[in-house]
Amino acid sequence: MDKAPLLQVSALCKSFGRRRQRTVALQGVDLAVGRGETLALAGASGSGKTTLARCLLRLIDPDSGAIQFDGIDLAGLSAGALRAIRPRVQMVFQDPMAAFNPRATVARIIEDPLRVHDLAPPAQRPAAVRDLLARVSLPVDIAERRAHEISGGQRQRVAIARAIATRPDLIVLDEPVSSLDVSIRAQILNLLMDIQDETGVSYLFISHDLAVVRAVARRVAVMEAGRIVESGEPSAVFAAPRARATLAMVQAVPQLRTATRA
């Protein structure tokens with residue numbers, strides 16, 4: 001990265017519980033995400049990936065360490081100051097249903113960040129919703145349906161539309177395609193890459209699927225037991241894994257032959 005990274009994480013630590021029941025989730029994590037870059041965060045279940053994502057978004061507070069976003073110390077922000085930053089950092093979850101109001105229409109789901117952050121006056125929001133639906137290749141008539149009335153692939157497109165509604169600088173994607181069929185997965189990945197090409201948004205892409213990582217990311221960081229144990233270009237990391245966790249993932253996916261992103 002030639003320029004200062006958009007996101008710089010240093011010595012981040014997080015644990016849960018107390019005394020003998022204490023579980024260490026993050027142990028001195030360091031990572032950086034460049035502007036317009038996709039950094040993949042790979043690792044087995046329980047390695048600390050989601051805990052790290054939740055700390056980065058300040059959904060939970062780290063015990064120690066620094067989170068610098070565009071030069072701003074997120075870890076030290078007050079609730080009011082953090083609210084002003086939230087439009088710039090968004091998240092797409094593995095299961096969008098868990099993040100949607102089940103009673104809300106698709107239009108309301110996409111409109112919510114515009115309303116909450118006061119990014120568009122009420123009269124302009126319907127047009128903004130239509131534009132966002134078009135951007136993620138969804139028909140306008142889906143706007144009045146509810147999330148349970150559309151397919152899994154369509155729900156993930158709605159989640160992406162909601163995430164980009166605020167024109168963020170960084171989107172954290174937590175296993176965004178792991179529950180989708182292979183053909184739908186490819187469509188969603190292509191959509192994400194198109195959006196990045198057009199807007200310059202940065203992605204922190206969390207996945208345990210090395211084929212997906214190799215397809216979308218220029219750099220990968222592998223987590224094990226709350227630490228980054230290996231990082232570099234996916235082709236190099238996967239061709240000659242040095243960490244036990246990386247080797248285990250490679251051996252679990254013998255068909256890892258996916259075209260890398262140009």
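Since every read-out is calculated from the coordinates, none of them should be taken as a lab result. As the structure is a computational prediction, the values presented were derived from the model and not from experiment. Every residue, glycine among them, receives a Cβ derived from its backbone with ideal geometry; neighbour counts consider all protein chains shown.
Only helical runs count toward this figure. For the chain, summing -39,500 (n - 2.57) over DSSP H runs of n ≥ 4 and dividing by all residues gives -10000 deg cm²/dmol at 222 nm.
At a Förster distance of 41 Å, what's the computed FRET efficiency of Arg20 paired with Ala186, Cβ-Cβ distance as r, to 0.05?
0.30
Counting beta carbons within 10 Å around each of Met193, Met249 and listing the fewest first gives the order Met193, Met249. Using C-alpha pairs under 8 Å with a sequence gap of at least 6, the mean separation divided by the residue count of the chain gives a relative contact order of 26 percent. Highest GNM mean-square fluctuation, the chain, Cα pairs closer than 10 Å: which of Glu198, Glu149, Glu233? Result: Glu198 has the largest fluctuation of those listed.
Comparing mean-square fluctuations of Ala163, Ala99, Ala42 from a GNM of the chain with C-alpha springs under 10 Å, the top value falls on Ala99.
Across segment 34-39, coupling constants 3J(HN,Hα) worked out from phi with the 6.51/-1.76/1.60 Karplus curve, θ = phi - 60°, read x, 6, x, 9, 10, 9 Hz, and Gly and Pro carry x. If you run the Gaussian network model on the chain, springs between alpha carbon atoms under 10 Å, then out of Phe100, Phe16, Phe69 the most flexible one is Phe16.
The dipole here belongs to the chain: it is taken about the Cα centre, uses +1 on the Cβ of Lys and Arg and -1 on the Cβ of Asp and Glu, and is about 620 debye. Rounded if a/c is under 1.5, else prolate if a/b beats b/c, else oblate: with a ≥ b ≥ c from the C-alpha gyration tensor eigenvalues square-rooted, which is segment 92-240? In terms of gyration-tensor shape, prolate. Once you have a ≥ b ≥ c as the square roots of the Cα gyration tensor eigenvalues for segment 63-157, tell me rounded if a/c is under 1.5, and otherwise prolate or oblate according to whether a/b is larger than b/c. Taking the square roots of the gyration eigenvalues as a ≥ b ≥ c, segment 63-157 is prolate.
I need the shape label for segment 27-119. Rule: rounded when a/c is under 1.5, else prolate if a/b > b/c, else oblate, with a, b, c from the alpha carbon gyration tensor. Here segment 27-119 falls in the oblate category.
Available extension along the chain between Leu82 and Ala248 is 55.9 nm, counting 0.36 nm per residue and deducting the alpha carbon span.
Our note on the geometry: Cα centres of segment 76-90 and segment 97-139, 21 Å apart. The trypsin sites (Lys or Arg not before Pro) of segment 1-65 that meet both conditions, a loop assignment by DSSP and at most 13 other Cβ atoms within 10 Å of the site Cβ, are Lys3, Arg18, Arg22.
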